[in-house]
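One structure is given below, encoded as structure tokens.
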Amino acid sequence: VVMACTPPPARHFAFDLYVSARFQNVSEPAFYYPQVNFGDAVNHEVINTTQAQSPFGEGAVAKAKQSAAFRSTVMLIASPDAETASRLVLAFEKAGFPAQAVNLLPIPSASPPTASGPSFPLRFYQPASDWRTSHPDAFEMLFRVSLPADKDEMSAYMQQRWPALLVRANPGTAPKRTRPFGTELKLRKRINGHTEDYLKAPLSDLKHKVIQRLRGEGLTFVKAVDFSVLWEDDWNKFLQDTPAETYWNYCHFPTRDALYNLAIDERRHTVAFPIEGFTYVVIGVAHANIGKAAYTNLVCTDLKHVEEANHSVTFGSSDVNGTSLLYAPSLKHAEDLFAVRFGRNCPPKEGVDSGSEGVDP
């Protein structure tokens with residue numbers, strides 16, 4: 001149970017629950033990091049607060065409800081059992097906490113069966129046995145905030161701490177029946193009616209124009225890496241008993257609120273900066289311009305200081321607009337595309353190769 005205040009106004013905030021770490025199987029102590037969540041995040045569009053409940057809809061009423069999502073009191077309850085969750089809501093309501101501000105994060109009993117395989121049950125701690133024999137999964141709640149309206153106000157907010165309670169029913173008062181959440185995930189639709197098929201050809205043309213431009217500067221083209229859909233509706237790729245080295249073990253944590261990420265087998269080779277003299281160009285669709293997304297947020301960060309302000313660069317919607325014109329000024333629909341170029345220009349530290357992981361950008 002987490003009781004907190006929501007942040008000051010920002011373009012996005014959300015709470016997401018993950019299987020952070022998992023033992024490779026129930027007979028070995030080695031573990032890996034699947035970092036897979038349970039469907040949709042509780043974000044500023046749908047969160048229940050003391051000021052508003054489920055801000056769905058359109059128009060002025062929806063905007064008023066969405067603004068009420070900020071600077072409000074909320075409660076988040078994560079549980080694998082609907083009966084226990086209901087009892088918690090009633091208990092807090094009797095103590096004076098408004099039920100309308102409660103948000104439930106159901107923990108399914110198992111992953112849903114998919115094309116890649118059958119269900120994989122989640123492993124819960126068993127009080128009657130030792131964790132070294134039952135090997136329970138490690139769960140983690142992640143809180144994200146993007147593009148605050150006032151950075152100083154957000155910085156002050158981030159210094160606050162909110163209570164998180166681990167609650168378990170006493171043996172004498174435990175519910176006589178349980179209602180485990182099943183394997184079905186109720187997912188919000190990610191389709192808004194806008195099609196981007198008309199941008200396939202211009203995007204391909206932009207890629208060739210970028211490569212042509214860089215070759216004209218005396219650079220050699222090395223490789224192209226495709227970004228893929230970030231949240232895959234297939235848990236079984238991540239929860240099966242697979243050796244840890246086949247997984248990306250650093251800051252994956254996908255969310256359905258975002259669209260893209262690098263494919264797993266490409267991250268090791270492309271995320272870490274190489275030596276000085278290399279340059280990257282990220283090209284894509286400016287989704288915010290055509291109503292496909294609320295905003296664009298492209299982050300370049302350092303592995304040693306992940307997402308810290310002094311070691312990261314962020315490109316928002318206004319930053320990427322018009323960047324494709326630098327490479328293809330006459331390209332059709334260029335205003336709906338972007339091409340952001342970045343590279344390493346800091347001097348290497350003494351005794352450290354500038355291409356090593358963890359060196360500050």
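Values computed for the structure shown
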| item | result |
| --- | --- |
| In region 30-47, residue surrounded by the fewest Cβ atoms within 10 Å (Cβ to Cβ) [restricted to those that are touching a helix residue (DSSP H, G or I) at 6+ places or on another chain (Cβ under 9 Å) and assigned to a strand (DSSP E or B)] | 31 |
| Selection status of residue 153, more than 17 Å from residue 18 (Cα to Cα), modelled with pLDDT under 90 and acidic (Asp, Glu) | no |
| Matching residues in region 122-149 - criterion: being open to solvent by less than 70 Å² (accessible area, probe 1.4 Å) and in a loop (DSSP other than H, G, I, E, B) | 122, 123, 124, 129, 130, 135, 136, 137 |
| Subset of region 80-101 [touching a Leu at 6+ places or on another chain (Cβ under 8 Å) and in contact (Cβ under 8 Å) with a residue 40 or more places away in the chain] | 80 |
| Answer residue from region 4-19, given it is assigned to a loop (DSSP other than H, G, I, E, B) and touching a Ser or Thr at 6+ places or on another chain (Cβ under 8 Å) and is most open to solvent (accessible area, probe 1.4 Å) among those | 9 |
| Pair list, Cβ < 6 Å and 6+ apart or interchain, from region 146-163 residues that are of a type outside the set (Asp, Glu) to residues that are in a helix (DSSP H, G or I) | 148/154 |
| Selection count where residues are surrounded by 10 or more Cβ atoms within 10 Å (Cβ to Cβ), of a type in the set (Gly, Ala, Ser) and either modelled with pLDDT under 85 or within 16 Å of residue 286 (Cβ to Cβ) (or both), scope region 163-200 | 3 |
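Yes/no per residue for (1) at pLDDT 90 or above; (2) under 24 Å from residue 288 (Cβ atoms); (3) touching a Phe, Trp or Tyr at 6+ places or on another chain (Cβ under 9 Å); (4) open to solvent by less than 20 Å² (accessible area, probe 1.4 Å):
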position	(1), (2), (3), (4)
24	no, no, yes, no
28	no, no, no, no
52	no, no, no, yes
59	no, yes, no, no
67	no, yes, no, no
95	yes, no, no, no
99	yes, no, yes, no
114	no, no, yes, no
120	no, no, yes, no
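The values are calculated or read from the model by the stated rules, or taken from the named source; none is laboratory data. On a predicted model such as this, the values are computed, not experimentally measured, just so you know. All Cβ positions, even for glycine, are placed from backbone atoms using ideal geometry, and neighbour counts span all protein chains on display. For the accessible areas, the whole protein counts, side chains as well, though only heavy atoms, and no ligand, DNA or RNA atoms are used. Shrake-Rupley method; radii C 1.70, N 1.55, O 1.52, S 1.80 Å.
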